[in-house]
Structure formats: C-alpha cells, structure tokens
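Only one structure is covered here, and it is reproduced in the block below.
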Amino acid sequence: MKSLTLTVPSSGIHLHITNRGEATQIVLVLPDGAEIEEQRATTPDAQKRLKEIASYIPVAPVETANGFPPRDLTEATIIEILREHGGSVKINDKDSGWRIYDEIAARLGVSIEARRRLTSGTGEPAWRPEVGFARKNLEQKGILKPTEVSGRGVWSLNEKYMNRS
C-alpha cells in the first residue's frame, strides 16, 4: 500500500470537489514546483487502513485531451475569482498588470509552457481560448452576465450566483 507526501511551495494548492452522481471526484492541482514523494505504509495498522481507503476511493490522474485542467475546474476557478472581487472584474488591469487568464492558470497550476503552447489554426496561445470556452459555458448556464450586459473586457456574475458554494 502506498501514500503520497506533498511538499508544496508557498503558492499553494487548489482543491476541487465535484459530485458526479454516485461518486465524488477530488482534484488536487499542484503548482509546478511541488514535490511528490511516494511512501509505503510501514505498520500493519497503517497498511490495513490504506487498503480500506483504497478499496472505495479510486485514485487516478486527471488527464484531458488538450493537457489543460478539466473545463469544469476552470469554470469553478472563474467563479471563485469573481466572488473574491465582488462579482465583477476587468479581465486586464493595466495599472497592476493583473490578468484573469494568468490568475486562473496560476491557481490551477498550468505551466508557462502549456500557457504558451500555440493553437494549430490561429497560432495564438491555446490557454486563452480554453479559458474563453469555460467563460462562454458559464454565460450559457446563466452564471455569468453576457458581454452585452457586463461590458467588453469585464466578466460579471449574475447576482443569484454571488454567494453560492
């Protein structure tokens, strides 16, 4: 039986829990500098407990075809950021240099290399349209206000989603 020890830099981790019908998915996103050390349970009691846990909690890496975090995790991160900013943000703040695309990537542990990977069609960084699709999904679900309402370059939550968990 194995366990993992995570050494995480000060930038922290992001934990996302999603109920998927009969199962719950827990995604732990670690920054690039995180170290994962495999350890073996050494006492019989520890081995027994880990075996019990492993029997009902399957553990597998989250992999997507495009190499980015699952889109629902990106969507949840957008909502989290908007709530932290009072429900609305300018996607680029020229004064501070803050950009929502960079903030989402940092929180989800998307590497600089992945952020810079170019699309085959337009040659633009693939991370930007990936976040754009997540944003559009939220708009179509009624969670975000449409651009016509919030304004160009501004993302805003619909009021009924401000305080939901």
> Can you name the helices (runs of 4 or more DSSP H) wholly within the stretch 101-165 that have at least 2 residues being of a type in the set (S, T, N, Q)?
Replying inline: 127-140, 147-150
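Suppose we filter the stretch 64-89 for residues that are hydroxyl-bearing (S, T, Y) and modelled with pLDDT under 75; how many remain?
Taking the stretch 64-89 as the starting set, the residues that turn out to be hydroxyl-bearing (S, T, Y) are 64, 74, 77, 88.
Still in the running and modelled with pLDDT under 75: 64.
Final tally of qualifying residues: 1.
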>> Given the condition surrounded by fewer than 11 Cβ atoms within 10 Å (Cβ to Cβ) and modelled with pLDDT of 90 or more, answer yes or no: does some residue in the stretch 52-63 qualify?
In response: no
>> Only one of A126, A114 is farther than 29 Å from G151 by Cβ and either in contact (Cβ under 8 Å) with a residue 60 or more places away in the chain or of a type in the set (G, A, S) (or both). Can you tell me which?
In response: A114
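The values are calculated or read from the model by the stated rules, or taken from the named source; none is laboratory data. Small disclaimer: the values here were computed from a predicted structure and weren't measured. When we count neighbours, we look across all protein chains shown, and the Cβ atoms used for this are built from the backbone with ideal geometry, even at glycine.
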